[in-house]
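The values are calculated or read from the model by the stated rules, or taken from the named source; none is laboratory data. Here the structure is a predicted model, which means the values were calculated and not measured. Virtual Cβ from ideal backbone geometry, glycine too; neighbours counted across all protein chains shown.
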Amino acid sequence: MSNYSYLPQDDETFRQGPSAASWDQLRKEARKLEQEIDTKLLQFSRTLSSIQQPSSSLNVASGGGEKDALKTLVALEKNLDSLFTDLQDIMDQMVSGSSAGGGHARTGFAPHMVKRHQEIYQDYRTNYTKLKSSFTFIKNQHDLLDSVERARHDPSSAALLQDRYIHEQMRIDESHRMTDMVLEQAYETRNELHRQRSSLVQSGQRLGSMVARLPLVQSLMRSIAMKRSRDTLVMAAVISFCIIFIIYLKS
């Protein structure tokens, strides 16, 4: 897991040109939120790794076992969701400020800084999405195991868990039934297309056989084609003669 070192530096790009107080304040807020997100993501990653690797020092990483680690991850998840929302709001305000043409916007560096913050946000968001997906899987697995454990000691929980299993099995059976229907329709469509193809092939073969058996038809068609060609030549000759005759009269 990387240390999420994507924070922008205070180089000359960010120091050049005049800036309004509101723009500087937005930049400071954005960098503060990015630093907080960077720290929280690193903590989230380490805590998640401590659950995924049982051999690691879970008590040190999460403060007292797997359940405490899960609680920590839930709290971090809520905190990160809030931080990402706040950072998105700040960036929206920066975009509005840069398009308004004040402060840094006049120097031409505002779009560059906004784009940089957007890239940092997207990078953080991508890493957070991956971590959150792994955490969701682990949390669901833990909830299932916890439900089974409670069902072993509580008859009412066992009945509830059994009802959930039955409901889930019904949903799976319904999905299988729908899948079978779709596959059956697909097979019927394929068979119908094969039948239509066979019918078209047979029709073409019969037509070809009829043409081959009727040489008179072929001869007639050739005569018609030759007559059309002859008529075309005659018309072309007449038109050419008329054009030459008109040119001769004008001259």
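Criterion applied to 141, 52, 118 was being within 30 Å of residue 165 (Cβ to Cβ), modelled with pLDDT of 75 or more and not small (Gly, Ala, Ser), and the one residue passing it is 141. Inside region 64-94, residues that are in contact with a Phe, Trp or Tyr (Cβ under 8 Å, 6 or more places away or on another chain) and farther than 22 Å from residue 112 by Cβ make up a count of 5.
Search region 73-92 for residues being closer than 20 Å to residue 25 by Cα and β-branched (Val, Ile, Thr), and hand back the single one that is surrounded by the fewest Cβ atoms within 10 Å (Cβ to Cβ). Working first, answer last.
Within region 73-92, the subset closer than 20 Å to residue 25 by Cα is 82-92.
Subset that is β-branched (Val, Ile, Thr): 85, 90.
On the way: 85: 11, 90: 22.
Per the stated criteria, the residue is 85.
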